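Participant: One structure, pasted below without further comment.
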Amino acid sequence: MKLQRKNRLRALSLGAVAVSGALALTACGSDDTGAKTTDGASSSAGAGSVKCDDAKGQLLSDGSSAQKNAIDAWVKQFSQACGVQINYKAGGSGAGVTAFTQGQIPWAGSDSALKPEEVTASKKVCSGGQGIDLPMVGGPIAIGYNVSGVDNLVLDAPTLAKIFDGKITNWNDAAIKKLNPGAKLPDLKIQAFHRSDESGTTDNFTKYLIAATPDNWKYSGGKAWQAKGGQSAAQSSGVAQQVKQTNGAIGYFELSYVGDGAKAVSIATGASQPVAPSSESATKAIADAKVVGTGKDLSLQLNYTTKADGAYPITLVTYEIVCDKGNKADTLPATKAFLNYIASEDGQKILSGIDYAPMPEEIITKVRSTIAGLS
């Protein structure tokens, strides 16, 4: 088994080098391992459920590190069934969108929908068409923390904003004590970590702060971190690693990165009880989203200020971005087959078992119909 895996990884690496050379990809890679989830995927869906159609060759993609663990689980099943090598460089949403609009990759992952200027840029590489957003992966953005002796922590939007803006700097601050009357909060400096790369996770986290506590978060938002101070790390895995190894640390990343030293904050939303991040609480929040895209675009508007019981407000949706028309003939069959699989019932079933949220049925049905029409 070890030899077989080694040979497979070597083949994947060689294939990725060949493809990246041919496409002259300039985007950076990722250090996310995804090891937590690929092993767990096998019990959720079998490779026999994948429809390969005419898929063949190799696919290179880039983008959201938020979905990296989900992509790893999907690639394991798809590659076993179809023999297609897929190298997903989780360099961040910004890197993925740039690579896509420059024609370097056939599809990208982004935690933010395409901006108008990015749609315009995509028309140069989508012959007769344009880039569209397909919501595929949901999930809570966990606020992960590492404070010795504190196993349960509740925060609200104003307190989070002040922590990440450097206005609350110690764990025994009165605002944190008020939300956690039973906790033994230490006299310890807060080490707040944010993303150093352009990130849809940052975009969604700050959208939550802007919507939920505008008086305490005066920044305009976007993929790039704007607040002063704090410390930074690249990709979700980098932020999670820093939190896990630093007592007093706090950061934001997807729920699949929680564990091994990082615990997740529960959010006081105004509901009857603080809400912890989970697949179920994220899906409940996403079900309240509205489709605001036009034509074949299925971008969503999330409700970051929900007060519904059991709905976790800091939630993101990762989009797979692809041309609706004008896809390159050599990559379209494999791209379409892979997207068909991850949008399928079996593909979506994998998500809830690995700390992601499946798309609500009403949304994923539209996604499947759109993928069928890609050309």
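The values are calculated or read from the model by the stated rules, or taken from the named source; none is laboratory data. Every value quoted in this text rests on a predicted model; they were computed, and no experiment measured them. Cβ: placed from backbone, ideal geometry, glycine included. Neighbour counts: every protein chain shown. Note: accessible area is taken over every heavy atom of the protein model, side chains too, but ligands, DNA and RNA are not part of it. Shrake-Rupley method; radii C 1.70, N 1.55, O 1.52, S 1.80 Å.
Participant: Here is a check on your reading of the model: is Ala282 small (Gly, Ala, Ser), touching a strand residue (DSSP E or B) at 6+ places or on another chain (Cβ under 6 Å) and more than 22 Å from Ser93 (Cβ to Cβ)?
Facilitator: When the stated conditions are applied, Ala282 does not pass them.
Participant: Looking only at the stretch 291-316, how many residues end up being under 30 Å from Lys124 (Cβ atoms) and surrounded by fewer than 23 Cβ atoms within 10 Å (Cβ to Cβ)? Talk me through it step by step, then tell me what you get.
Facilitator: Taking the stretch 291-316 first, the residues under 30 Å from Lys124 (Cβ atoms) are 291-302, 316.
Next cut, surrounded by fewer than 23 Cβ atoms within 10 Å (Cβ to Cβ) only: 291-297, 299-302.
Qualifying residue count for the region: 11.
Participant: State yes or no: is Lys325 under 24 Å from Ser93 (Cα atoms), part of a loop (DSSP other than H, G, I, E, B) and at pLDDT 95 or above? So that I can check it myself, show each step before the final result.
Facilitator: Numbers: under 24 Å from Ser93 (Cα atoms): yes; part of a loop (DSSP other than H, G, I, E, B): yes; at pLDDT 95 or above: yes.
Spelling it out, Lys325 is indeed under 24 Å from Ser93 (Cα atoms), part of a loop (DSSP other than H, G, I, E, B) and at pLDDT 95 or above.
Participant: Just one of Ala95, Ala81 is part of a helix (DSSP H, G or I), surrounded by fewer than 19 Cβ atoms within 10 Å (Cβ to Cβ) and at negative phi; which is it? Reasoning before the result, please.
Facilitator: Details: Ala95 fails: surrounded by fewer than 19 Cβ atoms within 10 Å (Cβ to Cβ).
Among Ala95, Ala81, only Ala81 is part of a helix (DSSP H, G or I), surrounded by fewer than 19 Cβ atoms within 10 Å (Cβ to Cβ) and at negative phi.
Participant: Do we have any residue at all in the stretch 199-221 that's farther than 20 Å from Pro313 by Cβ and either in contact (Cβ under 8 Å) with a residue 12 or more places away in the chain or among the charged types (D, E, K, R) (or both)?
Facilitator: There is no residue in the stretch 199-221 that is farther than 20 Å from Pro313 by Cβ and either in contact (Cβ under 8 Å) with a residue 12 or more places away in the chain or among the charged types (D, E, K, R) (or both).
Participant: Inspect all residues belonging to the stretch 53-74 and state whether any of them is open to solvent by 40 Å² or more (accessible area, probe 1.4 Å) and over 20 Å from Ser375 (Cα atoms).
Facilitator: For the stretch 53-74, residues open to solvent by 40 Å² or more (accessible area, probe 1.4 Å) and over 20 Å from Ser375 (Cα atoms): absent.
Participant: With the condition kept exactly as written, say whether any residue in the stretch 258-265 is over 22 Å from the mean Cα position of the chain (by Cα), crowded, with 19+ Cβ neighbours inside 10 Å and either assigned to a helix (DSSP H, G or I) or modelled with pLDDT of 95 or more (or both). So that I can check it myself, show each step before the final result.
Facilitator: From the stretch 258-265, those over 22 Å from the mean Cα position of the chain (by Cα) are none; that's our starting set.
Looking through the stretch 258-265, none of the residues is over 22 Å from the mean Cα position of the chain (by Cα), crowded, with 19+ Cβ neighbours inside 10 Å and either assigned to a helix (DSSP H, G or I) or modelled with pLDDT of 95 or more (or both).
Participant: Also: I need every pair where a residue in the stretch 105-132 that is without any contact (Cβ under 8 Å) to a residue 24 or more places away in the chain and among the charged types (D, E, K, R) has its Cβ under 9 Å from the Cβ of a residue that is open to solvent by 40 Å² or more (accessible area, probe 1.4 Å) and in a helix (DSSP H, G or I), sequence separation at least 6 or different chains.
Facilitator: Matching pairs, first to second residue: Glu118/Thr98.
Participant: Which of the residues spanning the stretch 270-322 are in a strand (DSSP E or B), under 19 Å from Glu254 (Cβ atoms) and without any contact (Cβ under 8 Å) to a residue 60 or more places away in the chain?
Facilitator: Restricting attention to the stretch 270-322, the residues satisfying the condition of being in a strand (DSSP E or B) are 275, 290-291, 300-301, 315-322.
Still in the running and under 19 Å from Glu254 (Cβ atoms): 275, 300, 315-321.
Across the stretch 270-322, the qualifying residue is only Val275.
Participant: Considering Asp297, Asp309, Asp355, Asp346, which residue is touching a strand residue (DSSP E or B) at 6+ places or on another chain (Cβ under 9 Å) and farther than 18 Å from Asp111 by Cα? Before the answer, list the steps.
Facilitator: Details: Asp297 fails: farther than 18 Å from Asp111 by Cα; Asp355 fails: farther than 18 Å from Asp111 by Cα; Asp346 fails: touching a strand residue (DSSP E or B) at 6+ places or on another chain (Cβ under 9 Å).
After applying the criteria, what remains is Asp309.
Participant: For residues in the stretch 317-373 being over 26 Å from Asn204 (Cβ atoms) and touching a Ser or Thr at 6+ places or on another chain (Cβ under 8 Å), which is most open to solvent (accessible area, probe 1.4 Å)?
Facilitator: Lys325
Participant: Where in the stretch 101-205 are the helices (runs of 4 or more DSSP H), entirely inside, with at least 3 residues that are open to solvent by less than 40 Å² (accessible area, probe 1.4 Å) and either touching a strand residue (DSSP E or B) at 6+ places or on another chain (Cβ under 9 Å) or under 29 Å from Ile354 (Cα atoms) (or both)?
Facilitator: Once the helices (runs of 4 or more DSSP H) in the stretch 101-205 are filtered for at least 3 residues that are open to solvent by less than 40 Å² (accessible area, probe 1.4 Å) and either touching a strand residue (DSSP E or B) at 6+ places or on another chain (Cβ under 9 Å) or under 29 Å from Ile354 (Cα atoms) (or both), what remains is 116-122, 157-164.
Participant: Take the conditions modelled with pLDDT of 95 or more and of a type in the set (Lys, Arg) and apply them to Lys244. Does it pass?
Facilitator: Numbers: modelled with pLDDT of 95 or more: yes; of a type in the set (Lys, Arg): yes.
Judged against the criteria, Lys244 is a match.
Participant: Ok, one more. Residue by residue through the stretch 266-282, note down the ones that are within 19 Å of the chain's Cα centre (by Cα) and open to solvent by less than 40 Å² (accessible area, probe 1.4 Å).
Facilitator: We begin by selecting, within the stretch 266-282, every residue within 19 Å of the chain's Cα centre (by Cα); these are 276-282.
Across the stretch 266-282, the qualifying residues are Pro277, Ser278, Ser279, Ser281, Ala282.
Participant: Quick check on this structure: which one of Trp217, Trp225 is open to solvent by less than 60 Å² (accessible area, probe 1.4 Å), in a loop (DSSP other than H, G, I, E, B) and more than 21 Å from Ser65 (Cα to Cα)? It would help to see each step written out before you state the result.
Facilitator: Numbers: Trp225 fails: more than 21 Å from Ser65 (Cα to Cα).
Only one candidate qualifies: Trp217.
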